[in-house]
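Asks: This is the structure I have questions about; it appears just below.
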Amino acid sequence: MGRPIGVFDSGVGGLTVLRALRSALPAQDFVYLGDTARLPYGTKSAATVVRYSLQCAAALARYDLRCLVVACNTASGSALAALRAAHPQLPVIGVIEPGAAAAVALTRCESIAVIATEGTILGGAYQAAIHRLNPRARVVGHACSLFVALAEEGITDGPIADAVARRYLAPLFESDAPPDTLVLGCTHFPLLKDAIRAALPAGVEIVDSAETTAATVAAHLAAVPTAADAARGRITWLATDGAARFARVGSLFFGEPLSPAAVSIVDL
């Protein structure tokens, strides 16, 4: 496919976005950078997240990208404007805007819930993006930080995952006007989608920001569907620390085995 699509995240969560991108664009080449030496971004100041994001983008831009995907909710909320200003010729797509647009399109009662990490909820980026599209929408945000640990430990189904999902989600639907749409506002959360679905009332729509981002990228690039027997694109793996852990945990998120030997450690 020639020029690759660059994807970066503070760690391995963005691999759910890469997984969706590869499903949508199987012949496309990708370069993925996980800034594992400096994760998590969610506890950093906005200025620091912008600085880190610009450094990640600069490292990826050396690969003559077709497009840059910010597969991190924190960076998408804080750094998109700076990234677009620094790379005006490069399409830069984050995960928040596609998820917000999908939620606004799906909701029937204009009531939307967003679950994410505490930093993303407190930052209010999803709430703001949804209200830009529909000022009348009622948006409730709820931090579900334990989902991150469960995903990274591979505890994505069974009684523990189910109990945590019920504990987090039940209060969101106890009001007289409960949400009819739930946004997965963290790239870790798609791994727990089955447990999350089981904890929801019937009829609630789930928005997976990884899938909506992949669809947005494919549409932006006017991608042509690829024949099933076409060769799969290559992926270049980059991380800033811990190739072995990146490969071990990343395999859970990407859905395919990753080899530590395939991960190049870069210094930003």
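The values are calculated or read from the model by the stated rules, or taken from the named source; none is laboratory data. Just so we're clear, the structure is a prediction, and the values are computed from it rather than from any experiment. So basically every Cβ, Gly included, is an ideal-geometry build from the backbone, and we count neighbours across all protein chains shown.
Asks: So which residues in the range 186-213 are in a strand (DSSP E or B), farther than 22 Å from ILE155 by Cβ and charged (D, E, K, R), if there are any at all?
Replies: First pass over the range 186-213, keeping only residues in a strand (DSSP E or B): 205-208.
Then keep just the ones that are farther than 22 Å from ILE155 by Cβ; that gives 205, 207.
Passing the criteria: only GLU205.
Asks: Right, here's the next one. Which condition breaks for VAL31 when tested against (1) assigned to a strand (DSSP E or B); (2) over 24 Å from THR240 (Cα atoms)?
Replies: Looking at each condition in turn, VAL31 falls short on (2).
Asks: If you check GLU110, GLU118, which single one turns out to be closer than 26 Å to ARG167 by Cβ, assigned by TED's automatic domain parsing to the domain that holds LEU184 and among the acidic types (Asp, Glu)? Steps first, please.
Replies: Numbers: GLU110 fails: closer than 26 Å to ARG167 by Cβ.
Result of the check over GLU110, GLU118: GLU118.
Asks: Another question, if that's okay. Is it true that some residue in the range 59-66 is of a type in the set (Phe, Trp, Tyr) and touching a helix residue (DSSP H, G or I) at 6+ places or on another chain (Cβ under 8 Å)? Can you show your working first?
Replies: First, the residues of the range 59-66 that are of a type in the set (Phe, Trp, Tyr): 63.
Narrowing the set further to residues that are touching a helix residue (DSSP H, G or I) at 6+ places or on another chain (Cβ under 8 Å) leaves none.
For the range 59-66, residues of a type in the set (Phe, Trp, Tyr) and touching a helix residue (DSSP H, G or I) at 6+ places or on another chain (Cβ under 8 Å): absent.
Asks: Can you tell me which of ARG84, ARG22 is under 28 Å from GLY154 (Cα atoms) and either basic (Lys, Arg) or touching a Leu at 6+ places or on another chain (Cβ under 6 Å) (or both)?
Replies: Numbers: ARG84 fails: under 28 Å from GLY154 (Cα atoms).
None of the others qualify; the one that does is ARG22.
Asks: Among the numbered criteria (1) modelled with pLDDT under 95; (2) closer than 9 Å to ASP9 by Cα, which one does ALA71 miss?
Replies: (1)
Asks: Also, I was wondering about something else. Only one of these is at pLDDT below 95 and of a type in the set (S, T, N, Q): SER251, SER264, SER209, SER259. Name it. Steps first, answer last, please.
Replies: On the way: SER251 fails: at pLDDT below 95; SER264 fails: at pLDDT below 95; SER259 fails: at pLDDT below 95.
Being at pLDDT below 95 and of a type in the set (S, T, N, Q) holds for just one of SER251, SER264, SER209, SER259, which is SER209.
Asks: Does the range 34-42 contain at least one residue that is of a type in the set (A, V, I, L, M, F, W, C) and either within 17 Å of ALA214 (Cα to Cα) or part of a helix (DSSP H, G or I) (or both)?
Replies: Start the filter on the range 34-42 by keeping residues that are of a type in the set (A, V, I, L, M, F, W, C), which leaves 37, 39.
Applying the additional criterion that residues be either within 17 Å of ALA214 (Cα to Cα) or part of a helix (DSSP H, G or I) (or both) yields none.
No, there is no match, as no residue in the range 34-42 is of a type in the set (A, V, I, L, M, F, W, C) and either within 17 Å of ALA214 (Cα to Cα) or part of a helix (DSSP H, G or I) (or both).
Asks: Restricting attention to the range 9-28, and to residues there that are of a type in the set (A, V, I, L, M, F, W, C) and either touching a Gly at 6+ places or on another chain (Cβ under 6 Å) or assigned by TED's automatic domain parsing to the domain that holds ALA143 (or both), which single residue is nearest to ALA247 (Cα to Cα)? Can you show your working first?
Replies: Within the range 9-28, the first condition is being of a type in the set (A, V, I, L, M, F, W, C), and the residues that meet it are 12, 15, 17-18, 20-21, 24-25, 27.
Filter once more, keeping what is either touching a Gly at 6+ places or on another chain (Cβ under 6 Å) or assigned by TED's automatic domain parsing to the domain that holds ALA143 (or both): 12, 15, 27.
Details: VAL12: 9, LEU15: 11, ALA27: 22 Å.
Of everything passing the filter in the range 9-28, VAL12 is nearest to ALA247 (Cα to Cα).
Asks: With respect to GLY42, determine if the residue is within 19 Å of the chain's Cα centre (by Cα), surrounded by fewer than 24 Cβ atoms within 10 Å (Cβ to Cβ) and modelled with pLDDT under 95. Write out each step before concluding.
Replies: On the way: within 19 Å of the chain's Cα centre (by Cα): yes; surrounded by fewer than 24 Cβ atoms within 10 Å (Cβ to Cβ): yes; modelled with pLDDT under 95: yes.
Answer is yes for this residue.
Asks: Quick check on my filter: what residues within the range 72-125 are part of a strand (DSSP E or B) and buried (at least 19 other Cβ atoms within 10 Å of the Cβ)?
Replies: Matches in the range 72-125: VAL92, ILE93, GLY94, ILE112, ALA113, VAL114, ILE115, ALA116.
Asks: Taking the condition assigned to a helix (DSSP H, G or I), at pLDDT 95 or above and within 28 Å of GLY250 (Cα to Cα), does VAL183 pass?
Replies: Details: assigned to a helix (DSSP H, G or I): no; at pLDDT 95 or above: yes; within 28 Å of GLY250 (Cα to Cα): yes.
No, not satisfied.
Asks: Something else now. Looking at the range 153-163, is at least one residue in a strand (DSSP E or B), of a type outside the set (Ser, Thr, Tyr) and in contact with a helix residue (DSSP H, G or I) (Cβ under 6 Å, 6 or more places away or on another chain)?
Replies: As a first pass, look at the range 153-163 and keep what is in a strand (DSSP E or B): none.
Within the range 153-163, none of the residues are in a strand (DSSP E or B), of a type outside the set (Ser, Thr, Tyr) and in contact with a helix residue (DSSP H, G or I) (Cβ under 6 Å, 6 or more places away or on another chain).
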